[in-house]
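The values are calculated or read from the model by the stated rules, or taken from the named source; none is laboratory data. Everything numeric here is computed off the predicted structure, so don't read it as measured data. Here Cβ is always computed from backbone atoms with ideal geometry, including for glycine, and neighbour counts include all displayed protein chains.
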Amino acid sequence: MSELKLELKEKIIEQLNLEDIAIEEIADTDPLFGEGLGLDSIDALELIVMLDKDYGIKLADPKQGRTIFESIDSMATYIEEHRSR
Amino acid sequence: MSKSVYINSVGSVSVQKTFDNSEFLNEITTYNDTVASVVNPDYKAYIPPTQARRMAKGIKMSTVSSQTALQEAGLENVDAIIVGTGLGCIGDSVKFVRDIIDNDEQFLTPTRFIQSSHNTVSGQIALGISCKGYNFTYVHAAVSFESCLIDAKMQLENDEAKNILVGGVDEMVKYHVDTHRLIGHIKSEPADSTRLLTVNTKGSVMGEGAHFFVLSNEKQESTYAELVAIETYNSIAQENIPNKIEAFLEENHMTIEDLDLVILGNNGDVDFDGYYENLSTGLFKDRPQAYYKHLSTEFDTASGFAFWLSAKILKTQTIPEVVKLNEIEVSNPRTILIYNQYRGENHSLMLLRKC
């Protein structure tokens, strides 16, 4: 699980071009949107594509993203339970 | 009667350190290469990190350049934004197309799509200053920037707008360099920028840049010069160029003798510099001459650098030694003609006057 969390942090930094943020600066429980990392709706789309492409998870309802993408912890938990690759 | 058009401010990010308007080619960046990148300003000083992370290099360069121009003109908004670009944000266009191929048309992400269109720059600038006015992007190869000027000039002359932000931008990315090297448009051997016109090889040194200007039909304290006339020609036989130039000047009630400086677009390509050399030794042989592509490098909107150079010369009344092409001196330059072409096509004439 901790490996997956590290992988997610790396992917988020790389794919969302968070140039000034280091992996250590993202805590597992930090909110990804709003006052945390400050991600926005375009980032949410990027994360949905990432789930599909890298873990084989298709979100039928984009509103699910609201809870899944709450933090690194919630993302990792959801991926562990639903991944097909 | 149509109104006059003034260049009220300038902004530039180029291969030279031009982003600081308080300087005028005080330090020259030389290179010995086949390509050259811009001298990067501190983008973080101009763009919040949350916005910068989705910006391609061309957008970052344009944001700095346009902000500089708006600030110098004392404006927070304009009536219109008109941008010229040969290739737009080609870096993200390449990534987007590569994603389509690599992922079998699946998993396409929004950021690269948003930035893969040519009009991303004008759109981003408009979003940044909340400009809801006319927003247009011209994509006409080596006359992209000039096309913007024509549009802006007509609107200002007819008093359809008062202040227009006009700019030209092109970014350099690996794919573009690789393809242009393959077809021989980039030099195969490094060229020393201090002797670019004597290297005697084919192709040019490829680069990038963003040049923005506020054009207005009202003169103000910051005004650099008046944009008197501009003309573009897709193709002209080399032997007809002198006639075209004389006709252009005649339309503006001028002759060759009225030109205090001629700025030419020689880029050191042995196959195409003849267009300029014929003029240097013929029509313009008695006029002071300057060149600029050893400073700007070559790209579709490189003539924006010449426009910036001309505006600076007319405002400061100084012609930097590094741009002089011949030894004919001029003490108080009042009228400048810029002539540019790329690979024998897309010729342009721009006439500027001190005011």
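Out of the residues in the stretch A:26-55 meeting the condition of being among the charged types (D, E, K, R) and within 13 Å of chain B (Cβ to nearest Cβ), tell me which one is surrounded by the fewest Cβ atoms within 10 Å (Cβ to Cβ). Checking each candidate, the answer is A:GLU35. Checked against the criterion of being more than 14 Å from chain A (Cβ to nearest Cβ) and out of contact with any Asp or Glu (no Cβ under 8 Å at 6 or more places or on another chain), the stretch B:106-113 contains not a single residue that satisfies it. Of the helices (runs of 4 or more DSSP H) lying entirely inside the stretch B:9-103, the ones with 2 or more residues being touching a residue at least 24 places away in the same chain (Cβ under 8 Å), assigned by TED's automatic domain parsing to the domain that holds B:ASP170 and among the hydrophobic types (A, V, I, L, M, F, W, C) are found at B:57-73, B:90-102.
Listed by first and then second residue, the pairs with beta-carbon distance under 6 Å, at least 6 apart or on different chains, first residue in the stretch B:117-136 and closer than 12 Å to B:GLY167 by Cβ and assigned by TED's automatic domain parsing to the domain that holds B:ASP79, second among the small types (Gly, Ala, Ser) and assigned to a loop (DSSP other than H, G, I, E, B), form an empty list. Across the stretch A:1-25, the number of residues qualifying as more than 14 Å from chain B (Cβ to nearest Cβ) and over 20 Å from B:PHE107 (Cβ atoms) comes to 8.
Taking each residue of the stretch B:221-235 that is under 18 Å from B:SER310 (Cα atoms) and looking for partners that are modelled with pLDDT under 95 with beta-carbon atoms closer than 9 Å, six or more apart or interchain, yields B:THR223/B:CYS355; B:TYR224/B:CYS355; B:ALA225/B:CYS355; B:GLU226/B:CYS355. Give the residues of the stretch B:104-158 that are part of a loop (DSSP other than H, G, I, E, B), within 25 Å of B:ARG343 (Cα to Cα) and β-branched (Val, Ile, Thr), sorted by residue number. The one that is part of a loop (DSSP other than H, G, I, E, B), within 25 Å of B:ARG343 (Cα to Cα) and β-branched (Val, Ile, Thr): B:VAL139. Filtered by the rule that a residue be surrounded by 24 or more Cβ atoms within 10 Å (Cβ to Cβ) and either of a type in the set (D, E, K, R) or more than 29 Å from B:MET206 (Cα to Cα) (or both), the stretch B:81-103 gives a lone residue, B:ASP92.
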